[in-house]
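Take a look at the structure below.
The values are calculated or read from the model by the stated rules, or taken from the named source; none is laboratory data. The structure displayed is predicted, hence computed values, not measured ones. FYI the Cβ positions are ideal-geometry reconstructions off the backbone, even for glycines, and counts take in every protein chain you see.
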Amino acid sequence: MKENQTSVSHLILTLDYELYGDGSGSVFDTMIYPTVDFLKVCKKHGIKSTIFFEVMEYLRMKKEWESGNSMGYTKNPVEAIESQIRQAHQEGHDIQLHIHPHWVNAEFSDGKWRPDHRYWKLTKVPLQADENFPISLEDLIATGKTGIESLIREVDPGYDCNIFRAGGFSLTPSTEVVKVLLKLGFIADSSVIPGAFIDNEFYSYDFRHLSLDTPYWMVDEAVEKPVQTTKGLVEIPIFSKAITRFKKYDRQRIRVALRNKNSNMVKIKDKVEGRSSIWGKVKFFLEKEHLTWDFCLFSKGKMQQFLRYARSFAQKSGVGFHPFVLIGHSKEFIHSETFEKFVESNRSTLQFLTLKDAVIRIHQNYGKTDNQTTNNAIS
């Protein structure tokens with residue numbers, strides 16, 4: 001399909017702001033410095049984004065710092081995080097909640113963090129505190145919400161944290177999580193990758209029945225169960241495309257992988273674990289994967305490819321407002337010039353929104369969209 005150059009595409013940049021999943025990495029190298037570059041690019045081009053702040057990690061580090069443990073830093077990493085998050089908010093970015101529960105029991109010993117990987121998946125968190133996990137699912141999410149609000153309300157008393165993303169997208173079945181989110185006043189989630197599936201020790205989600213054609217849907221019970229209602233959570237999924245896994249490794253991704261070598265090797269090892277034979281491991285790279293639209297890891301060419309792909313969806317969806325959620329990680333925003341070239345090449349046909357902006361617009365337009373929107377969410 002020929003690309004419609006005159007149409008405006010609504011893009012939502014979401015940046016997961018965190019260390020590596022195994023607890024390694026310097027706050028300054030993986031969060032502060034890359035985000036400085038990200039905020040500069042955004043300010044230059046008038047872009048507003050949503051930053052998903054891994055707040056349990058921050059709270060755990062804050063507790064350690066205040067106890068007198070410098071964690072090897074010569075300057076205060078907690079203060080640097082707080083200052084940058086407030087700055088981002090004041091510059092118009094949307095700060096929202098991202099949680100990896102394995103930080104709750106994390107211990108700092110022998111010069112490094114040791115998260116409790118038994119609780120990497122949000123679905124492993126108990127509904128009531130027990131001897132292994134000191135807080136309930138509700139208290140976990142409430143603590144994260146309050147942690148961000150107390151930080152930002154120092155500069156904006158009217159701020160509310162009310163949009164969620166699960167760590168590792170691992171939240172299915174999501175009934176209990178959704179129940180808590182609704183109770184705590186959350187208005188939206190962006191943890192779903194339609195069509196994607198994985199189930200291993202560290203990652204667990206099943207979105208195979210959900211269609212890529214639908215830009216959002218309403219939720220009253222579970223994010224993976226779209227409903228026809230105007231109340232509840234709005235699910236705004238991350239846009240992806242099914243490709244053969246090895247094809248995702250272009251020059252940009254390899255450059256970032258080489259910079260973050262240890263973390264990327266651990267990530268690949270986690271996902272191929274259980275493939276005992278050499279052929280099983282090779283087969284992993286020959287399988288299809290729903291590759292999320294990653295503005296940190298994509299080359300300019302791949303960004304253009306996904307933009308064309310997204311526009312083809314928008315043209316056929318029949319939905320008046322069809323936003324596309326992109327994902328990135330602070331630790332991977334290393335080659336900012338690649339993303340900036342994409343923006344400069346397409347600026348006249350792109351509009352960047354925050355997730356909160358999109359939710360407001362969805363609520364305004366929901367009754368005016370195609371009645372099949374919710375039905376179309378299930379393929």
Considering only segment 335-350, how many residues are more than 22 Å from VAL256 (Cβ to Cβ) and surrounded by 15 or more Cβ atoms within 10 Å (Cβ to Cβ)? 2
Considering only residues of segment 109-119 that are crowded, with 17+ Cβ neighbours inside 10 Å and outside any loop (DSSP other than H, G, I, E, B), which is farthest from the chain's Cα centre (by Cα)? TRP113
Name the residue that is farthest from ASN365 (Cα to Cα), counting only residues in segment 180-236 that are part of a loop (DSSP other than H, G, I, E, B), at pLDDT below 95 and β-branched (Val, Ile, Thr). THR214
Return the residues of segment 141-184 that are over 18 Å from VAL219 (Cα atoms), touching a residue at least 40 places away in the same chain (Cβ under 8 Å) and among the acidic types (Asp, Glu); say none if nothing qualifies. GLU154, ASP156
Scan segment 33-81 residue by residue and report those that are acidic (Asp, Glu), touching an Asp or Glu at 6+ places or on another chain (Cβ under 9 Å) and either modelled with pLDDT under 95 or part of a helix (DSSP H, G or I) (or both). GLU57
Would you point out the residue of segment 299-334, among those that are in contact (Cβ under 8 Å) with a residue 40 or more places away in the chain and aliphatic (A, V, I, L, M), that is surrounded by the most Cβ atoms within 10 Å (Cβ to Cβ)? VAL325
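Results for (1) of a type in the set (Ser, Thr, Tyr); (2) at positive phi; (3) within 18 Å of the chain's Cα centre (by Cα), shown as yes or no for each residue.
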position: SER24; (1), (2), (3): yes, no, no
position: ASP29; (1), (2), (3): no, no, no
position: PHE38; (1), (2), (3): no, no, yes
position: HIS45; (1), (2), (3): no, no, no
position: LYS48; (1), (2), (3): no, no, yes
position: MET61; (1), (2), (3): no, no, no
position: GLY68; (1), (2), (3): no, yes, no
GLU79 versus (1) more than 27 Å from VAL343 (Cβ to Cβ); (2) under 17 Å from the mean Cα position of the chain (by Cα): which is the lone unmet condition? (2)
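Looking at segment 286-335, which of its residues are of a type outside the set (Gly, Ala, Ser), part of a strand (DSSP E or B) and either at pLDDT below 95 or out of contact with any Gly (no Cβ under 7 Å at 6 or more places or on another chain) (or both)? Before the answer, list the steps.
Initially, segment 286-335 is screened for residues of a type outside the set (Gly, Ala, Ser), giving 286-298, 300, 302-309, 311, 313, 315-316, 319, 321-327, 329, 331-335.
Filter once more, so that each one left must be part of a strand (DSSP E or B): 288-292, 294, 323-327, 329.
Residues satisfying the conditions are LYS288, GLU289, HIS290, LEU291, THR292, PRO323, PHE324, VAL325, LEU326, ILE327, HIS329.
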Name the pairs whose Cβ atoms lie under 7 Å apart, with the first residue in segment 224-247 and at positive phi and surrounded by 15 or more Cβ atoms within 10 Å (Cβ to Cβ), the second of a type in the set (D, E, K, R) and in a loop (DSSP other than H, G, I, E, B), and 6 or more positions between them or separate chains? GLY232/ASP220
